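As C-alpha cells, the structure follows; a few thoughts come after it.
Please treat every number below as a calculation from the coordinates, not as lab data. On a predicted model such as this, the values are computed, not experimentally measured, just so you know. FYI the Cβ positions are ideal-geometry reconstructions off the backbone, even for glycines, and counts take in every protein chain you see.
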C-alpha cells in the first residue's frame, strides 16, 4: 500500500478552497443569468402576463370599458402571439436558441413583458376609475 505523506495532503487541502472557490464564484452568476434569460422561459412568462392582462381586460370590458385599449389589445395579442410562437419554434435546437440569445431575443421578450404589464396596469386603473 502506498504511503502518502502528511505534508502533501496538507498542501493539497490548503490549495483546494482557492482552486475551487474562484471558479465557482465566476461560473455561478453566469449560469444563473443564462437560466433567467433563456428565451423559452421568458416566452412562458410573457404568455402568463398576457393571460393576466386578458383577464383584466375581460373584467373591464364587462363593466363597459370602451376605449383605444381595444385596438391596442388586439395589436398586442397578435404581437405577443407571434413573438412567443417564433421563440418556441426556434428553441427546439440548441444552435437556434443560442443564436437568438446572442441576437438579443431575451431583451425583446423582457421589453414586451414590461409592455404587457403596463397595459394591464392602465386597464386596471381605468377599471377602478369606472367603479367610483
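Some notes on this structure:
- Using the Cβ-Cβ distance between residue 128 and residue 20 with R0 = 41 Å, the FRET efficiency computed as 1/(1 + (r/R0)^6) comes to roughly 0.15.
- Spin-label pair residue 63/residue 102, simplified geometry with 7 Å Cα→Cβ offset, distance in nm: 4.9
- In this rough spin-label picture, where each label sits 7 Å from Cα along the Cβ direction, the residue 94-residue 33 distance is 2.1 nm.
- Mean separation of Cα pairs under 8 Å and 6 or more residues apart, divided by the residue count, gives the stretch 38-131 a relative contact order of 57 percent.
- Translational diffusion coefficient (Stokes-Einstein; Kirkwood radius from C-alpha pairs) of the stretch 38-131 at 20 °C, 1.002 mPa s, in µm²/s: 153
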